[in-house]
């Protein structure tokens with residue numbers, strides 16, 4: 001079978017809809033909130049990475065679907081909790097009311113908790129993957145999503161609020177807050193294919209770290225160069241909030257050069273993988289030149 | 001080795017301290033918040049159940065320690081999130097400032113997320129348990145802690161706020177909100193011992209459901225019969241909040257009879273387990289006659 005971005009998207013949307021399964025009447029409201037947030041037109045980059053890394057490692061992407069969806073659930077819960085009034089207090093998420101605006105704060109909190117918990121339940125649904133590899137997946141995902149990974153990035157971000165931060169702090173925040181989960185997406189794909197070879201795992205990590213970093217640099221570029229209509233969110237918000245960004249620290253031109261360099265390094269890392277990696281090359285390049 | 005409640009307590013405290021491991025400076029604050037909340041003198045009933053169910057099923061309680069600690073982490077995260085302003089808005093937890101009062105709301109939110117994530121990471125540290133049993137543990141814990149278990153109970157509780165609820169709704173809330181996690185504690189002990197036998201698993205469930213239900217009934221009794229100094233929290237709070245309780249619905253005497261009946265049923269269920277179950281019998285009886 002020839003897997004395209006569209007094939008993967010269809011697989012992911014169908015599986016996500018199925019994993020948030022019907023619950024009793026009493027809990028239906030929180031399941032609605034979970035569904036509302038997960039089905040809001042995200043790019044699904046993370047789950048796509050999981051499926052394609054499984055494929056290029058010789059596995060069947062179908063078998064990796066539970067892992068792919070688990071990563072997307074973690075991503076979604078983090079957005080719900082990030083938008084809460086005690087965090088970023090964001091009323092909008094991709095142009096729609098954020099979860100707590102739509103369902104109220106307490107249900108948004110519980111919907112986030114529910115998705116985080118469901119992510120680990122979903123990992124166990126990978127019945128075509130060896131139990132020892134499911135355990136590896138639980139370990140990798142919990143580590144990279146936890147206090148030393150994504151949550152750690154949010155903490156450092158909170159501590160840096162309304163402060164000018166230097167390049168290395170900004171890099172550290174992004175590496176943990178965004179990069180760690182992208183890395184887990186790539187690794188879970190390899191694990192679903194049963195990969196033990198450290199060379200392959202290391203190539204997946206390098207690719208993921210570089211596209212994760214490039215993604216954030218491009219985000220900062222777009223906040224300066226795009227317009228609100230194209231971006232789907234207000235531009236210039238970083239400057240307005242006096243927030244340090246790669247653009248404010250390095251300048252626009254250096255950022256463009258950096259994004260290109262990171263994308264090239266990501267593509268370069270793929271040479272360690274024996275199979276055809278064209279899909280992953282294209283994805284890296286798409287993310288670098290994206291307009292939103 | 002002869003395992004007593006004190007032996008288990010020492011094992012649990014030492015393991016919990018070890019599992020919340022040192023993180024980089026940046027994340028230390030959230031690790032402090034996690035430790036603050038988990039080390040606040042809880043009774044450790046859940047992890048104790050895990051260790052003892054492992055033992056009565058012929059396993060080594062040491063091997064079940066990661067499972068035991070994982071359940072306690074889930075319990076603690078649920079208390080942190082439950083105390084938040086958007087939920088119960090409680091300033092005190094066991095006589096000390098609740099997590100968000102001590103560390104601020106955003107760190108309390110992240111500390112809860114961190115403990116929930118760490119719980120699943122900790123399950124994978126049970127290296128003496130077969131990978132297929134670790135996968136079973138992830139499945140059972142995520143199911144019973146999730147939207148159809150503990151979180152589901154919190155949702156129904158929220159929906160019932162400031163409403164008079166009937167006996168069956170109240171029973172449903174407690175069964176999910178408190179009972180589900182107690183059940184997972186007992187089941188994880190059996191799973192750590194590699195138990196597949198449905199008779200044993202079913203006995204563990206019945207025992208846990210009954211002591212969980214009895215626990216809540218005794219809680220409601222103590223809110224009426226105890227005093228603030230003994231209980232360590234204000235008595236009469238249920239009546240003040242016009243909250244339906246088993247006492248308000250059934251009366252004090254019927255509640256005492258019910259608690260005794262549930263405790264007897266819990267003890268009765270243990271007869272399906274071939275080993276000496278004296279520890280679990282004593283524990284059930286202690287919980288029924290406790291003063292706080």
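The values are calculated or read from the model by the stated rules, or taken from the named source; none is laboratory data. Because the structure is predicted, anything quoted here is derived from the model rather than measured. Counting neighbours? That spans all protein chains shown, and the Cβs are built from the backbone with ideal geometry, glycine included.
Please go through region B:77-86 and pick out each residue that is without any contact (Cβ under 8 Å) to a residue 60 or more places away in the chain and either surrounded by fewer than 24 Cβ atoms within 10 Å (Cβ to Cβ) or more than 14 Å from every other protein chain (Cβ to nearest Cβ) (or both). Working first, answer last.
Looking only at region B:77-86, we keep the residues that are without any contact (Cβ under 8 Å) to a residue 60 or more places away in the chain, and these are B:77, B:79-81, B:83-86.
Those that are without any contact (Cβ under 8 Å) to a residue 60 or more places away in the chain and either surrounded by fewer than 24 Cβ atoms within 10 Å (Cβ to Cβ) or more than 14 Å from every other protein chain (Cβ to nearest Cβ) (or both): B:79, B:83, B:84, B:85, B:86.
Residue by residue through region B:20-75, note down the ones that are in a loop (DSSP other than H, G, I, E, B), within 14 Å of chain A (Cβ to nearest Cβ) and either touching a residue at least 24 places away in the same chain (Cβ under 8 Å) or under 20 Å from the mean Cα position of the chain (by Cα) (or both).
Result: B:20, single match.
Evaluate region A:209-222: report whether one residue or more is in a loop (DSSP other than H, G, I, E, B) and in contact (Cβ under 8 Å) with a residue 12 or more places away in the chain. Write out each step before concluding.
Start the filter on region A:209-222 by keeping residues that are in a loop (DSSP other than H, G, I, E, B), which leaves none.
There is no residue in region A:209-222 that is in a loop (DSSP other than H, G, I, E, B) and in contact (Cβ under 8 Å) with a residue 12 or more places away in the chain.
Looking at (1) crowded, with 21+ Cβ neighbours inside 10 Å; (2) touching a residue at least 40 places away in the same chain (Cβ under 8 Å), can you tell me which one residue B:183 breaks?
Condition not satisfied by residue B:183: (2).
Can you name the number of the only condition in (1) in contact (Cβ under 8 Å) with a residue 60 or more places away in the chain; (2) over 22 Å from residue A:281 (Cβ atoms) that residue A:237 fails?
Against the list (1) in contact (Cβ under 8 Å) with a residue 60 or more places away in the chain; (2) over 22 Å from residue A:281 (Cβ atoms), residue A:237 comes up short only on (1).
Quick one: which residue in B:268, B:286 is without any contact (Cβ under 8 Å) to a residue 40 or more places away in the chain, within 23 Å of residue B:47 (Cβ to Cβ) and surrounded by fewer than 17 Cβ atoms within 10 Å (Cβ to Cβ)?
Numbers: B:268 fails: within 23 Å of residue B:47 (Cβ to Cβ).
Checking each option against the conditions leaves just B:286.
Report the residue count in region B:140-154 for those that are closer than 13 Å to residue B:178 by Cα, part of a helix (DSSP H, G or I) and either at the interface with chain A (Cβ under 7 Å from one of its Cβ atoms) or more than 15 Å from the chain's Cα centre (by Cα) (or both). If you could, list the steps in order and put the result at the bottom.
Taking region B:140-154 first, the residues closer than 13 Å to residue B:178 by Cα are B:144-146, B:148-154.
Filter once more, so that each one left must be part of a helix (DSSP H, G or I): B:144-145, B:150-154.
Right, trim to either at the interface with chain A (Cβ under 7 Å from one of its Cβ atoms) or more than 15 Å from the chain's Cα centre (by Cα) (or both) and you get B:145, B:151-152, B:154.
Residues that pass the stated criteria total 4.
Taking region B:238-255 as the search range and keeping residues that are buried (at least 18 other Cβ atoms within 10 Å of the Cβ) and either touching a strand residue (DSSP E or B) at 6+ places or on another chain (Cβ under 9 Å) or not in a helix (DSSP H, G or I) (or both), which one is modelled with the lowest pLDDT?
Across region B:238-255, the extreme among qualifying residues is B:243.
Under 6 Å by Cβ, and 6 or more places apart or on different chains, what pairs join a residue from region B:116-136 that is at the interface with chain A (Cβ under 7 Å from one of its Cβ atoms) with one that is at pLDDT 95 or above and part of a loop (DSSP other than H, G, I, E, B)?
From region B:116-136, the pairs are B:117/A:146; B:118/A:146; B:134/B:126; B:135/A:124.
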